[in-house]
Each structure stands twice: as C-alpha cells, then as structure tokens.
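Below: the structure, in structure tokens.
The values are calculated or read from the model by the stated rules, or taken from the named source; none is laboratory data. Fair warning: this is a prediction, and the values are worked out from it, not measured in the lab. Every residue, glycine as well, gets a Cβ built from its backbone with ideal geometry; the counts of neighbours run over all protein chains shown.
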Amino acid sequence: MRILEYDEVDEQQVLELNLTCFGWFLTPKQVKTIRKVDKHVPDYFSLYAVEKEEILSQVGVVTVDTQTKHGVEEVGHIWGVCTKPSAARKGSAKKLMEETHARLLTDDIKYSFLGTGKSLVAYNLYRQLGYVDFVDLNWGMKRCKPIKQSDIDVTFASDTKDESFADLFTKYSNGLLGFVHRPKNFLQVRKAWSWMPISMSGIFRKGKKHIGYVLGSREGKVVRIRELCCPRIEDTKRCIEALEIKFKPKYMTVSWMSRSCITKEFIKSGFKRIDESWGAFMIKDLEGKHKIDQIQSAYGIEEDKFQMTTIDEY
Ligand SMILES: CC(C)(COP(=O)(O)OP(=O)(O)OC[C@H]1O[C@@H](n2cnc3c(N)ncnc32)[C@H](O)[C@@H]1OP(=O)(O)O)[C@@H](O)C(=O)NCCC(=O)NCCS
C-alpha cells in the first residue's frame with residue numbers, strides 16, 4: 001500500500017470514494033475552488049492509501065489558528081476520513097491518520113481535532129489512535145407560537161455583505177478562546193466546502209445598528225440555526241424572535257457545542273435542551289504531553305470561554 005497526495009491520484013476515484021462514503025460529490029472543480037479560497041488547506045490537499053492504482057482510503061486535514069490562554073495555537077482539523085467498503089478493516093485509514101499526524105508534528109502542530117459520531121465505527125478508530133472527547137455537541141429545539149410583530153424592535157435582513165458577519169463575529173469573540181480566528185472570507189470558505197449548505201443567513205438590526213447575525217438553513221417550516229451571534233449576549237432572545245417573525249416557522253433547532261451562557265439565552269427564548277447526543281468533537285495531543293483537563297483548561301472550557309459552533313467544523 002502506497003500513500004499518495006491528491007495531485008498524484010485519479011480525481012474521478014476521489015469523487016467516487018467521497019460519494020460512496022459520504023454522499024459528497026467532491027468534484028475536481030470544487031477541490032480547485034477550496035484550494036483557492038481556503039488558506040487552511042495544505043499543499044497536498046488530502047492523502048490517499050493506494051494499492052495497484054486503486055484508491056482505498058482518504059484522510060484530509062486543514063490547519064487553523066485557535067486561541068488558548070497561552071496564545072495563538074495552530075491546530076490540525078481532520079476531515080473526510082473514509083475507506084471504500086471492499087477495502088475495510090485492512091488498516092489503511094489508520095495508516096493515513098498516522099501519516100497525517102506525522103506531517104502535523106513536522107509542522108510543529110501539537111493538537112489534532114475532529115468531529116465525528118459515537119455511533120460510527122470511526123469512533124473506535126479515533127479512540128485507538130489516542131483521540132478523546134473534547135466538548136459535547138447538543139441539540140436544542142423550539143415549537144414556535146405566533147409572535148406579535150409590534151412587540152419587537154429588531155428586524156432581520158437576508159441580503160447582507162459578508163463583511164458585516166465578520167465585523168460582528170470579531171466583536172462577539174473578543175476575549176474568547178477556541179475557534180475565534182476566522183479569515184475575512186470565512187463565509188466564502190464555508191460555501192466552498194458546502195457539504196452542509198448555509199441556505200439561510202442574515203443580519204439583525206435595531207434601528208441602523210447591526211446587533212447580531214444568523215447562519216443556518218430552512219427546510220419547509222423548520223428553521224435550523226447553526227450559529228447565532230450577538231456581541232451583546234442579552235440581544236440573543238430578541239434576534240430569535242425577529243427570526244420567528246420573518247419566517248413564521250413551526251419548529252426551530254439549534255446545535256450547541258460550547259458556551260452555556262448562549263444556551264441559557266436560547267432556553268429563555270423557549271428552546272428545550274436535548275441532553276443526549278451521539279455527536280463528538282475529539283482531540284489528540286500529538287506530542288502526548290498533556291492531560292485532557294489541562295488542554296480543556298487552556299481553552300477555557302470551565303470558564304465558559306471556549307467558542308466553537310458546527311460552522312467551524314470541517
Ligand atoms: C471509519 C473507516 C474510515 C475505517 O476505515 P478502515 O480502513 O476500515 O479502518 P482500519 O482498518 O484502519 O481500522 C482501524 C481501527 O478502526 C476501528 N474500526 C474500523 N472498522 C471497524 C468496524 N467495522 N467495527 C469496529 N471498529 C472498527 C478498529 O479499532 C480498527 O482497529 P482493529 O482493526 O485493530 O480493531 C471506514 O469504516 C469508513 O469509511 N466508514 C464510513 C465513513 C465514515 O464514517 N467516516 C468517518 C467520518 S467521521
């Protein structure tokens with residue numbers, strides 16, 4: 001088995017592998033776009049386990065800046081781990097993961113993160129490789145009732161420039177830790193990957209002032225919030241109400257990954273917290289130097305300072 005880089009393998013096989021394993025149609029054109037807009041992608045793009053010209057497995061990684069109490073920490077974020085069913089359980093995904101870790105270490109990167117599901121067989125692979133659970137991923141949902149428009153002084157507008165989102169995120173994330181260093185073209189990057197499309201986005205205004213934004217999707221009468229950021233957390237409730245007035249959904253859902261002060265605002269707005277989930281966001285200390293609670297402390301999890309939403313996941 002050889003380990004090759006994206007540019008050394010057959011693009012058509014990459015496309016078929018991702019379609020088979022994830023239902024993801026990763027065309028050569030999309031790879032080109034991702035490489036152009038996402039500065040987090042390494043030169044090799046992704047790695048492949050190949051036997052007799054046939055791709056068996058894939059592992060991708062990007063490197064992103066995160067903030068810890070000790071300063072900026074560049075970390076790896078693994079994506080696209082898969083093996084074609086006929087080649088499963090021969091150790092090829094594990095070998096690719098090990099090669100990826102070695103490349104990260106060569107670049108002085110200490111931590112590797114990834115998002116997965118505890119219900120997937122991949123969870124065993126990651127545990128075997130030394131990954132441990134880092135933060136929980138929980139869901140919230142609300143059954144919506146009609147709201148009187150006259151009570152709300154916040155408006156929602158979908159047609160807004162990407163810079164407005166970046167400005168609000170910069171204000172919101174001031175003093176927080178974790179995934180707070182987003183590039184200016186963050187939304188363009190997310191759209192380029194597009195495995196989970198953002199079909200609903202917009203800014204909340206009070207008068208002329210921008211007070212928050214939302215990113216998510218709408219499916220019929222369901223509004224799915226992936227990120228709702230207000231620099232003043234206490235504006236969250238009114239922004240949720242403005243969203244309800246705009247779209248009149250029957251249900252709203254939200255995915256929470258970190259800060260409990262945000263979760264509390266959603267609960268004040270009528271969301272129910274669903275405590276159980278199979279979702280997992282994991283970390284591996286590539287140097288094997290620190291205990292998990294030391295790393296969680298460096299990212300301010302106990303102090304409610306760790307910032308991340310599902311939008312940050314690759
Ligand atoms: C997860 C996946 C990539 C594993 O690929 P693979 O090449 O078969 O994995 P490996 O042979 O390298 O297995 C390494 C370890 O992973 C775990 N593992 C892999 N397949 C497993 C299975 N079917 N059941 C339980 N554990 C499994 C085991 O711990 C295994 O070690 P072992 O064989 O010594 O017990 C593959 O099953 C896959 O593509 N799944 C579908 C896509 C997916 O869910 N990707 C992960 C997204 S987060």
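In table form, for the structure just shown:
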| quantity | calculated |
| --- | --- |
| Sole exception among (1) touching a residue at least 24 places away in the same chain (Cβ under 8 Å); (2) more than 12 Å from the ligand (Cβ to nearest atom); (3) buried (at least 17 other Cβ atoms within 10 Å of the Cβ) for Arg103, by number | (3) |
| Test: residue in the range 58-74 that is part of a strand (DSSP E or B) and modelled with pLDDT under 95 | no |
| Pairs where the first residue, in the range 107-134, is closer than 16 Å to Leu96 by Cβ and the second is away from the ligand (no atom under 11 Å from the Cβ) and in a loop (DSSP other than H, G, I, E, B), C-beta under 6 Å, 6+ apart | Ser112/Leu286 |
| Matching residues in the range 50-83 - criterion: being surrounded by fewer than 17 Cβ atoms within 10 Å (Cβ to Cβ) and either farther than 27 Å from Phe179 by Cβ or within 8 Å of the ligand (Cβ to nearest atom) (or both) | Glu51, Lys52, Glu53, Glu54 |
| Options Leu120, Leu114: the member that is assigned to a loop (DSSP other than H, G, I, E, B) and near the ligand (Cβ under 10 Å from one of its atoms) | Leu120 |
| Failed criterion for Ser86 (all others in (1) within 16 Å of the ligand (Cβ to nearest atom); (2) farther than 25 Å from Ser277 by Cα; (3) in contact with a strand residue (DSSP E or B) (Cβ under 6 Å, 6 or more places away or on another chain); (4) of a type in the set (Gly, Ala, Ser) hold) | (3) |
| Boolean, Leu137 is within 16 Å of the ligand (Cβ to nearest atom) and either small (Gly, Ala, Ser) or within 28 Å of Lys272 (Cα to Cα) (or both) | yes |
| Qualifying residue in the range 283-291 (condition: outside any strand (DSSP E or B) and touching a Phe, Trp or Tyr at 6+ places or on another chain (Cβ under 8 Å)) | yes |
